[in-house]
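Structure first, commentary second.
The values are calculated or read from the model by the stated rules, or taken from the named source; none is laboratory data. Nothing here was measured: the structure is a model prediction, and the numbers come from that model. Heads up, the Cβs are rebuilt from the backbone with ideal geometry, glycines too, and the neighbour counts pull from every protein chain shown. The protein model used for the area step is the full one, side chains on, heavy atoms only, and it has no ligands, DNA or RNA in it. Shrake-Rupley method; radii C 1.70, N 1.55, O 1.52, S 1.80 Å.
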Amino acid sequence: MESELIQMRSLTSQADTGSQSSSQCTTQPNTCCLCWCCCCSCFTMKNVDVDESSQKGSIISMKMESLQKQEERKSPSVEEVTSWSQSFELLLRDPNGRKILLEFLQSEHSDENILFWLACEELKKEGCRGTIMEKAKTIYFDYISVLSPKEISIDASVREAINKKMAIPTTDIFDEAQMHVYALMHRDCYPRFLHSPVYKSLLEELSSSENALESDL
């Protein structure tokens, strides 16, 4: 009888131990970063970081879009548009003038010269050697190389001089080509732009709007 009681106690103890072990396995928190379970705490923290990063990116994107829309809403004045006919330099230095001239040339499928000129102006603002090299290569392959999608028309000697300098490009590497393109635009596309319906209708529209405002006052 005594031996039977001892055996029953032993079985009961083993059962309790197994139950505790099973309970620990099911209640132990899964905190291993290598687990695939979606309830893992590290997975949750990563999701929080991604959400915060996405929110910051969305805020920055919204601000950029807002600034772009504000710039688009700002239309030129009559005096501003009139000054474009007085000087090609004024036209190119005016953000509104550059935008409208670019749109006009794009409609004619002849925008490579102004795009090259604008790219050269951006290159001159750089101070980092690595960035200068990257932008110079982009400009070269876009506008100078004979395989360029928008190859500009320049003398062979100018092209050869650029080829030699491409090993260590500087911000003024395209200066001679830029001056040639400037002269070409001044002689060719600038007069066409001033006589185009795009320019004339814009000037007439702004003049009419200004006259209407003055009459209301």
At 7 Å along the Cα-to-beta-carbon direction for both Glu204 and Ala167, put a label point, then send me their distance in nm to one decimal.
-> 5.8
Give the residue from Tyr182, Thr131, Pro149 lying farthest towards the positive end of the charge dipole for region 116-182; charges sit on Cβ (+1 for Lys and Arg, -1 for Asp and Glu) and the dipole is referred to the Cα centre.
-> Thr131
Qualifying trypsin sites (Lys or Arg not before Pro) in region 129-217, DSSP loop, other Cβ atoms within 10 Å at most 15 = Lys150
In terms of the ratio Rg/(2.2 N^0.38 Å) built on C-alpha atoms, what value belongs to region 74-217?
-> 1.24
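Given the pairs Lys74/Lys125; Lys99/Lys164; Lys74/Lys200; Lys125/Lys200, which span a C-alpha to C-alpha distance of over 28 angstrom in this model?
Too far apart for the 28 Å limit: Lys99/Lys164; Lys125/Lys200.
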Might you work out the accessible area of Asp155 for me, using a 1.4 Å probe with all protein chains in place, and round it to the nearest 10 Å²?
-> 90
